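As C-alpha coordinates, the structure follows; a few thoughts come after it.
The values are calculated or read from the model by the stated rules, or taken from the named source; none is laboratory data. In this text, all values refer to a predicted model and were calculated from it rather than measured experimentally. As a convention, Cβ positions derive from the backbone with ideal geometry for all residues, glycine included, and neighbour counts pool all protein chains shown. Surface accessibility is based on the protein's heavy atoms, side chains included, excluding ligands, DNA and RNA. Shrake-Rupley method; radii C 1.70, N 1.55, O 1.52, S 1.80 Å.
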Amino acid sequence: MTSKTIANGVLRAVTIIAAVVLLCYFLYKIQSVIAYLAIAVVIALLGRPIVLFLRRKLKFPNTLAVVTTMVFMLGIFLGILALFIPLITEQSKNLSLLDIEALKADINTLYVQILEYFGATSGNVEDLIEESQLEESMLKDLNFGFIPNFLNSFVNTLSNFSIGLFSVLFISFFFLKDSKLFQNGLLTFVPDNKESNLVKSIDKINGLLSRYFAGILLQLFILFVIYTISLLIVGVENAIVIAFLCALFNIIPYVGPIIGGAIMITLTMTSYLGADFSTVILPKAFYVLIGLVIGQLIDNFFSQPFIFSTSVKSHPLEIFLVIIIAGLLFGVVGMVVAVPGYTAIKVILKEFMDENSFVKKFTKNL
(Lines give C-alpha, C1' and ligand atoms only; values in the text may rest on other atoms or scores of the structure.)
Protein backbone atom coordinates (compact mmCIF):
# COMPACT_ATOMS: atom_id res chain seq x y z
CA MET A 1 0.00 0.00 0.00
CA THR A 2 1.55 3.26 -1.15
CA SER A 3 1.50 6.58 0.66
CA LYS A 4 -0.69 7.98 -2.12
CA THR A 5 -3.31 5.30 -1.52
CA ILE A 6 -3.26 5.97 2.23
CA ALA A 7 -3.56 9.70 1.63
CA ASN A 8 -6.51 9.19 -0.73
CA GLY A 9 -8.21 6.94 1.82
CA VAL A 10 -7.72 9.46 4.62
CA LEU A 11 -8.96 12.27 2.37
CA ARG A 12 -12.04 10.25 1.42
CA ALA A 13 -12.80 9.47 5.07
CA VAL A 14 -12.42 13.12 6.06
CA THR A 15 -14.68 14.16 3.18
CA ILE A 16 -17.36 11.66 4.22
CA ILE A 17 -17.20 12.74 7.86
CA ALA A 18 -17.39 16.40 6.86
CA ALA A 19 -20.37 15.68 4.60
CA VAL A 20 -22.18 13.82 7.39
CA VAL A 21 -21.51 16.66 9.85
CA LEU A 22 -22.76 19.25 7.37
CA LEU A 23 -25.86 17.15 6.66
CA CYS A 24 -26.62 16.83 10.38
CA TYR A 25 -26.11 20.56 10.86
CA PHE A 26 -28.39 21.29 7.91
CA LEU A 27 -31.09 18.99 9.28
CA TYR A 28 -30.72 20.64 12.68
CA LYS A 29 -31.22 24.10 11.18
CA ILE A 30 -34.34 23.03 9.29
CA GLN A 31 -35.80 20.91 12.09
CA SER A 32 -38.94 23.02 12.18
CA VAL A 33 -39.53 22.35 8.48
CA ILE A 34 -39.01 18.63 9.06
CA ALA A 35 -41.53 18.80 11.90
CA TYR A 36 -44.04 20.54 9.61
CA LEU A 37 -43.55 17.83 6.98
CA ALA A 38 -43.98 15.06 9.55
CA ILE A 39 -47.20 16.58 10.93
CA ALA A 40 -48.50 17.15 7.41
CA VAL A 41 -47.87 13.50 6.55
CA VAL A 42 -49.85 12.42 9.63
CA ILE A 43 -52.73 14.74 8.70
CA ALA A 44 -52.66 13.40 5.15
CA LEU A 45 -52.80 9.83 6.44
CA LEU A 46 -55.78 10.66 8.65
CA GLY A 47 -57.57 12.70 6.01
CA ARG A 48 -57.01 10.37 3.09
CA PRO A 49 -59.95 8.05 3.94
CA ILE A 50 -62.27 11.09 4.07
CA VAL A 51 -61.03 12.30 0.69
CA LEU A 52 -61.54 8.86 -0.85
CA PHE A 53 -65.06 8.65 0.65
CA LEU A 54 -66.02 12.03 -0.80
CA ARG A 55 -64.57 11.17 -4.19
CA ARG A 56 -65.94 7.64 -4.53
CA LYS A 57 -69.23 7.78 -2.68
CA LEU A 58 -70.34 11.39 -3.09
CA LYS A 59 -68.59 11.97 -6.46
CA PHE A 60 -66.76 15.09 -5.32
CA PRO A 61 -64.01 16.45 -7.58
CA ASN A 62 -60.56 15.81 -6.14
CA THR A 63 -59.82 19.43 -5.24
CA LEU A 64 -63.25 19.97 -3.68
CA ALA A 65 -62.90 16.75 -1.69
CA VAL A 66 -59.51 17.88 -0.36
CA VAL A 67 -60.79 21.36 0.54
CA THR A 68 -63.85 19.88 2.28
CA THR A 69 -61.64 17.48 4.23
CA MET A 70 -59.25 20.25 5.27
CA VAL A 71 -62.15 22.48 6.38
CA PHE A 72 -63.68 19.55 8.30
CA MET A 73 -60.41 18.70 10.09
CA LEU A 74 -59.66 22.38 10.78
CA GLY A 75 -63.16 22.80 12.16
CA ILE A 76 -62.64 19.88 14.52
CA PHE A 77 -59.31 21.35 15.64
CA LEU A 78 -60.76 24.82 16.23
CA GLY A 79 -63.76 23.32 18.00
CA ILE A 80 -61.51 21.40 20.36
CA LEU A 81 -59.41 24.52 20.89
CA ALA A 82 -62.52 26.52 21.71
CA LEU A 83 -63.42 24.01 24.42
CA PHE A 84 -60.33 25.07 26.35
CA ILE A 85 -61.37 28.73 26.58
CA PRO A 86 -63.60 28.22 29.67
CA LEU A 87 -60.87 26.17 31.36
CA ILE A 88 -58.17 28.72 30.57
CA THR A 89 -60.42 31.57 31.72
CA GLU A 90 -61.23 29.81 34.97
CA GLN A 91 -57.69 28.78 35.79
CA SER A 92 -56.14 32.08 34.70
CA LYS A 93 -57.80 33.79 37.65
CA ASN A 94 -55.01 32.42 39.81
CA LEU A 95 -52.30 33.37 37.31
CA SER A 96 -53.48 36.83 36.42
CA LEU A 97 -51.16 39.71 37.13
CA LEU A 98 -54.00 41.41 38.94
CA ASP A 99 -54.61 38.46 41.24
CA ILE A 100 -51.14 37.52 42.53
CA GLU A 101 -52.16 37.94 46.15
CA ALA A 102 -55.08 35.57 45.60
CA LEU A 103 -52.64 33.10 44.05
CA LYS A 104 -50.45 33.27 47.16
CA ALA A 105 -53.48 32.88 49.41
CA ASP A 106 -54.82 29.89 47.42
CA ILE A 107 -51.47 28.10 47.53
CA ASN A 108 -51.10 28.75 51.24
CA THR A 109 -54.72 27.71 51.96
CA LEU A 110 -54.30 24.40 50.19
CA TYR A 111 -50.96 23.85 51.93
CA VAL A 112 -52.40 24.61 55.38
CA GLN A 113 -55.36 22.29 54.76
CA ILE A 114 -53.06 19.45 53.82
CA LEU A 115 -50.95 20.01 56.94
CA GLU A 116 -54.00 20.22 59.17
CA TYR A 117 -55.41 17.01 57.74
CA PHE A 118 -52.28 14.98 58.34
CA GLY A 119 -51.53 16.83 61.58
CA ALA A 120 -54.86 15.76 63.06
CA THR A 121 -53.73 12.14 62.95
CA SER A 122 -50.41 12.80 64.65
CA GLY A 123 -51.53 15.30 67.33
CA ASN A 124 -49.12 18.03 66.20
CA VAL A 125 -51.61 20.48 64.75
CA GLU A 126 -50.20 23.51 66.55
CA ASP A 127 -46.65 22.83 65.40
CA LEU A 128 -47.84 22.26 61.87
CA ILE A 129 -49.84 25.51 61.93
CA GLU A 130 -46.73 27.38 63.07
CA GLU A 131 -44.82 25.73 60.25
CA SER A 132 -47.52 26.72 57.79
CA GLN A 133 -47.28 30.32 59.05
CA LEU A 134 -43.56 30.17 58.35
CA GLU A 135 -44.31 28.89 54.87
CA GLU A 136 -46.84 31.71 54.45
CA SER A 137 -44.15 34.29 55.18
CA MET A 138 -41.89 32.49 52.70
CA LEU A 139 -44.61 32.66 50.07
CA LYS A 140 -44.86 36.42 50.58
CA ASP A 141 -41.17 36.72 49.81
CA LEU A 142 -41.47 34.70 46.62
CA ASN A 143 -40.79 36.58 43.43
CA PHE A 144 -43.73 36.29 41.05
CA GLY A 145 -42.02 38.46 38.49
CA PHE A 146 -41.65 35.43 36.23
CA ILE A 147 -45.33 35.74 35.29
CA PRO A 148 -44.88 38.69 32.84
CA ASN A 149 -41.99 36.84 31.20
CA PHE A 150 -44.13 33.75 30.98
CA LEU A 151 -46.94 35.69 29.31
CA ASN A 152 -44.50 37.23 26.82
CA SER A 153 -43.14 33.79 26.00
CA PHE A 154 -46.69 32.57 25.57
CA VAL A 155 -47.41 35.33 23.03
CA ASN A 156 -44.26 34.46 21.07
CA THR A 157 -45.18 30.80 21.16
CA LEU A 158 -48.67 31.62 19.91
CA SER A 159 -47.17 33.59 17.02
CA ASN A 160 -44.86 30.73 16.06
CA PHE A 161 -47.78 28.35 16.39
CA SER A 162 -49.81 30.39 13.90
CA ILE A 163 -46.97 30.28 11.38
CA GLY A 164 -46.55 26.56 11.93
CA LEU A 165 -50.28 25.92 11.58
CA PHE A 166 -50.41 27.75 8.25
CA SER A 167 -47.35 25.83 7.00
CA VAL A 168 -48.78 22.47 8.05
CA LEU A 169 -52.15 23.20 6.44
CA PHE A 170 -50.49 24.36 3.22
CA ILE A 171 -48.30 21.25 2.96
CA SER A 172 -51.14 18.93 3.99
CA PHE A 173 -53.36 20.32 1.24
CA PHE A 174 -50.91 19.30 -1.48
CA PHE A 175 -50.19 15.93 0.13
CA LEU A 176 -53.92 15.21 0.11
CA LYS A 177 -54.45 16.64 -3.36
CA ASP A 178 -51.63 14.58 -4.86
CA SER A 179 -51.15 11.38 -2.87
CA LYS A 180 -48.05 10.55 -4.93
CA LEU A 181 -46.31 13.88 -4.31
CA PHE A 182 -44.27 12.67 -1.34
CA GLN A 183 -43.57 9.37 -3.06
CA ASN A 184 -42.36 11.04 -6.25
CA GLY A 185 -40.06 13.26 -4.21
CA LEU A 186 -38.44 10.23 -2.61
CA LEU A 187 -38.11 8.40 -5.93
CA THR A 188 -35.70 11.06 -7.17
CA PHE A 189 -33.14 9.78 -4.64
CA VAL A 190 -33.60 6.07 -5.43
CA PRO A 191 -31.98 4.11 -8.29
CA ASP A 192 -34.32 3.01 -11.08
CA ASN A 193 -34.01 -0.69 -10.21
CA LYS A 194 -35.18 -0.01 -6.64
CA GLU A 195 -38.17 2.19 -7.41
CA SER A 196 -40.68 -0.68 -7.24
CA ASN A 197 -39.37 -1.62 -3.80
CA LEU A 198 -39.78 1.93 -2.57
CA VAL A 199 -43.33 2.15 -3.93
CA LYS A 200 -44.27 -1.08 -2.15
CA SER A 201 -42.66 0.18 1.05
CA ILE A 202 -44.57 3.47 0.94
CA ASP A 203 -47.89 1.72 0.30
CA LYS A 204 -47.24 -0.71 3.15
CA ILE A 205 -46.18 2.09 5.52
CA ASN A 206 -49.28 4.12 4.62
CA GLY A 207 -51.53 1.18 5.41
CA LEU A 208 -49.86 0.33 8.72
CA LEU A 209 -49.58 3.90 9.96
CA SER A 210 -53.17 4.71 8.95
CA ARG A 211 -54.35 1.85 11.15
CA TYR A 212 -51.93 2.91 13.87
CA PHE A 213 -53.18 6.50 14.03
CA ALA A 214 -56.78 5.29 13.89
CA GLY A 215 -55.95 3.04 16.85
CA ILE A 216 -54.42 5.99 18.71
CA LEU A 217 -57.63 7.96 18.19
CA LEU A 218 -59.62 5.01 19.58
CA GLN A 219 -57.25 4.83 22.55
CA LEU A 220 -57.65 8.54 23.31
CA PHE A 221 -61.43 8.30 22.94
CA ILE A 222 -61.66 5.43 25.46
CA LEU A 223 -59.56 7.36 27.99
CA PHE A 224 -61.54 10.53 27.32
CA VAL A 225 -64.82 8.74 28.10
CA ILE A 226 -63.47 7.19 31.32
CA TYR A 227 -61.93 10.45 32.52
CA THR A 228 -65.07 12.42 31.68
CA ILE A 229 -67.28 10.02 33.62
CA SER A 230 -64.93 10.20 36.62
CA LEU A 231 -64.88 14.00 36.66
CA LEU A 232 -68.65 14.30 36.12
CA ILE A 233 -69.32 11.92 39.03
CA VAL A 234 -67.09 14.06 41.24
CA GLY A 235 -68.74 17.24 39.96
CA VAL A 236 -65.71 19.06 38.58
CA GLU A 237 -66.44 22.05 36.35
CA ASN A 238 -65.26 21.87 32.74
CA ALA A 239 -65.01 18.08 33.11
CA ILE A 240 -65.10 17.44 29.35
CA VAL A 241 -62.25 19.85 28.62
CA ILE A 242 -60.06 18.59 31.46
CA ALA A 243 -60.70 14.97 30.46
CA PHE A 244 -59.78 15.70 26.84
CA LEU A 245 -56.60 17.52 27.85
CA CYS A 246 -55.45 14.70 30.13
CA ALA A 247 -56.34 12.02 27.57
CA LEU A 248 -54.37 13.93 24.94
CA PHE A 249 -51.23 13.64 27.08
CA ASN A 250 -51.44 9.88 26.56
CA ILE A 251 -49.89 10.43 23.12
CA ILE A 252 -46.57 10.67 25.00
CA PRO A 253 -45.88 7.05 26.02
CA TYR A 254 -45.39 6.25 29.73
CA VAL A 255 -44.59 9.85 30.74
CA GLY A 256 -47.76 11.41 29.32
CA PRO A 257 -50.24 9.51 31.54
CA ILE A 258 -48.32 10.63 34.65
CA ILE A 259 -48.41 14.28 33.53
CA GLY A 260 -52.08 14.04 32.56
CA GLY A 261 -52.98 12.39 35.86
CA ALA A 262 -51.14 15.04 37.87
CA ILE A 263 -52.92 17.81 35.95
CA MET A 264 -56.32 16.19 36.44
CA ILE A 265 -55.89 15.75 40.19
CA THR A 266 -54.44 19.27 40.58
CA LEU A 267 -57.32 20.88 38.66
CA THR A 268 -59.78 18.85 40.71
CA MET A 269 -58.27 20.04 43.99
CA THR A 270 -58.02 23.68 42.90
CA SER A 271 -61.66 23.59 41.78
CA TYR A 272 -62.69 23.14 45.41
CA LEU A 273 -60.34 25.59 47.10
CA GLY A 274 -62.05 26.97 50.19
CA ALA A 275 -63.89 23.73 50.94
CA ASP A 276 -62.89 21.42 53.78
CA PHE A 277 -59.82 19.41 52.82
CA SER A 278 -60.57 16.17 54.68
CA THR A 279 -64.27 15.87 53.79
CA VAL A 280 -64.40 17.45 50.32
CA ILE A 281 -61.08 17.97 48.53
CA LEU A 282 -59.31 14.74 49.51
CA PRO A 283 -62.26 12.36 48.77
CA LYS A 284 -62.91 13.98 45.38
CA ALA A 285 -59.22 13.76 44.45
CA PHE A 286 -59.25 10.10 45.52
CA TYR A 287 -62.26 9.31 43.31
CA VAL A 288 -60.55 10.97 40.36
CA LEU A 289 -57.44 8.91 41.08
CA ILE A 290 -59.57 5.74 40.92
CA GLY A 291 -60.84 6.84 37.49
CA LEU A 292 -57.25 7.43 36.36
CA VAL A 293 -56.19 3.97 37.51
CA ILE A 294 -59.16 2.30 35.76
CA GLY A 295 -58.41 4.19 32.55
CA GLN A 296 -54.73 3.24 32.59
CA LEU A 297 -55.50 -0.42 33.33
CA ILE A 298 -57.86 -0.59 30.36
CA ASP A 299 -55.33 1.25 28.22
CA ASN A 300 -52.37 -0.94 29.18
CA PHE A 301 -54.13 -4.31 29.00
CA PHE A 302 -56.57 -3.70 26.15
CA SER A 303 -55.99 -0.62 24.01
CA GLN A 304 -52.22 -0.72 23.58
CA PRO A 305 -51.89 -4.48 22.90
CA PHE A 306 -54.73 -4.21 20.39
CA ILE A 307 -53.15 -1.24 18.60
CA PHE A 308 -49.63 -2.67 18.47
CA SER A 309 -50.63 -6.18 17.43
CA THR A 310 -53.21 -5.28 14.77
CA SER A 311 -51.86 -2.02 13.34
CA VAL A 312 -48.06 -2.02 13.39
CA LYS A 313 -47.81 -5.82 13.86
CA SER A 314 -45.24 -5.62 16.65
CA HIS A 315 -45.18 -7.23 20.09
CA PRO A 316 -45.96 -4.84 23.01
CA LEU A 317 -42.62 -5.72 24.66
CA GLU A 318 -40.83 -4.92 21.42
CA ILE A 319 -42.59 -1.56 21.27
CA PHE A 320 -41.78 -0.87 24.93
CA LEU A 321 -38.05 -1.31 24.32
CA VAL A 322 -38.15 0.83 21.18
CA ILE A 323 -39.94 3.67 22.98
CA ILE A 324 -37.54 3.57 25.94
CA ILE A 325 -34.47 3.63 23.67
CA ALA A 326 -35.91 6.45 21.54
CA GLY A 327 -36.73 8.41 24.70
CA LEU A 328 -33.18 8.05 26.01
CA LEU A 329 -31.73 9.16 22.67
CA PHE A 330 -34.14 11.91 21.58
CA GLY A 331 -36.29 12.76 24.59
CA VAL A 332 -40.06 13.19 24.50
CA VAL A 333 -40.16 13.77 20.73
CA GLY A 334 -38.35 10.48 20.24
CA MET A 335 -40.94 8.67 22.35
CA VAL A 336 -43.78 10.10 20.28
CA VAL A 337 -42.31 9.21 16.87
CA ALA A 338 -40.70 5.93 17.99
CA VAL A 339 -43.49 3.59 16.87
CA PRO A 340 -44.16 5.17 13.44
CA GLY A 341 -40.43 5.44 12.73
CA TYR A 342 -39.75 1.88 13.88
CA THR A 343 -42.58 0.58 11.72
CA ALA A 344 -41.28 2.43 8.66
CA ILE A 345 -37.76 1.03 9.21
CA LYS A 346 -39.09 -2.53 9.46
CA VAL A 347 -41.08 -2.16 6.24
CA ILE A 348 -38.11 -0.70 4.34
CA LEU A 349 -35.81 -3.46 5.58
CA LYS A 350 -38.31 -6.09 4.47
CA GLU A 351 -38.60 -4.65 0.97
CA PHE A 352 -34.92 -3.91 0.35
CA MET A 353 -33.17 -6.66 2.34
CA ASP A 354 -35.64 -9.50 2.34
CA GLU A 355 -32.96 -12.02 1.38
CA ASN A 356 -31.10 -11.44 4.65
CA SER A 357 -31.87 -14.17 7.20
CA PHE A 358 -31.93 -11.77 10.15
CA VAL A 359 -34.28 -9.38 8.34
CA LYS A 360 -36.58 -12.28 7.45
CA LYS A 361 -36.94 -13.23 11.13
CA PHE A 362 -37.12 -9.61 12.22
CA THR A 363 -39.97 -8.73 9.82
CA LYS A 364 -41.80 -12.05 9.60
CA ASN A 365 -45.03 -10.55 11.02
CA LEU A 366 -45.27 -7.83 8.36
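Tabulated values for the structure
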{"quantity": "First in segment 322-334 and over 16 Å from V312 (Cβ atoms), second anywhere and open to solvent by less than 30 Å² (accessible area, probe 1.4 Å) and not in a helix (DSSP H, G or I), Cβ under 9 Å, 6 or more apart", "calculated": "I324/P253; G327/P253"}
{"quantity": "Selection status of M264, in contact (Cβ under 8 Å) with a residue 12 or more places away in the chain, open to solvent by less than 30 Å² (accessible area, probe 1.4 Å), more than 30 Å from L349 (Cβ to Cβ) and in a helix (DSSP H, G or I)", "calculated": "yes"}
{"quantity": "Qualifying residue in segment 279-290 (condition: over 30 Å from L232 (Cβ atoms) and either in a helix (DSSP H, G or I) or basic (K, R) (or both))", "calculated": "no"}
{"quantity": "Total residues in segment 152-181, condition surrounded by 13 or more Cβ atoms within 10 Å (Cβ to Cβ), at pLDDT below 80 and not acidic (D, E)", "calculated": "4"}
{"quantity": "Of all residues in segment 331-366 being under 18 Å from Q31 (Cβ atoms) and modelled with pLDDT under 75, the one that is least open to solvent (accessible area, probe 1.4 Å)", "calculated": "V332"}
{"quantity": "I6 being among the hydrophobic types (A, V, I, L, M, F, W, C), open to solvent by 80 Å² or more (accessible area, probe 1.4 Å) and out of contact with any Cys (no Cβ under 9 Å at 6 or more places or on another chain)", "calculated": "yes"}
{"quantity": "Residue within segment 273-295 that is at pLDDT 85 or above, under 30 Å from K346 (Cα atoms) and under 21 Å from the mean Cα position of the chain (by Cα) present", "calculated": "no"}
{"quantity": "A275 vs. criteria assigned to a loop (DSSP other than H, G, I, E, B) and either in contact with a Cys (Cβ under 9 Å, 6 or more places away or on another chain) or hydrophobic (A, V, I, L, M, F, W, C) (or both)", "calculated": "yes"}
{"quantity": "Residue selected from segment 303-319 under the condition open to solvent by 60 Å² or more (accessible area, probe 1.4 Å) and free of Cβ contacts under 8 Å to residues at least 60 places away in the same chain, by the criterion nearest to S210 (Cα to Cα)", "calculated": "S309"}
{"quantity": "Residue identified as among the β-branched types (V, I, T) and either open to solvent by less than 30 Å² (accessible area, probe 1.4 Å) or not in a helix (DSSP H, G or I) (or both) among V293, V241, V225", "calculated": "V241"}
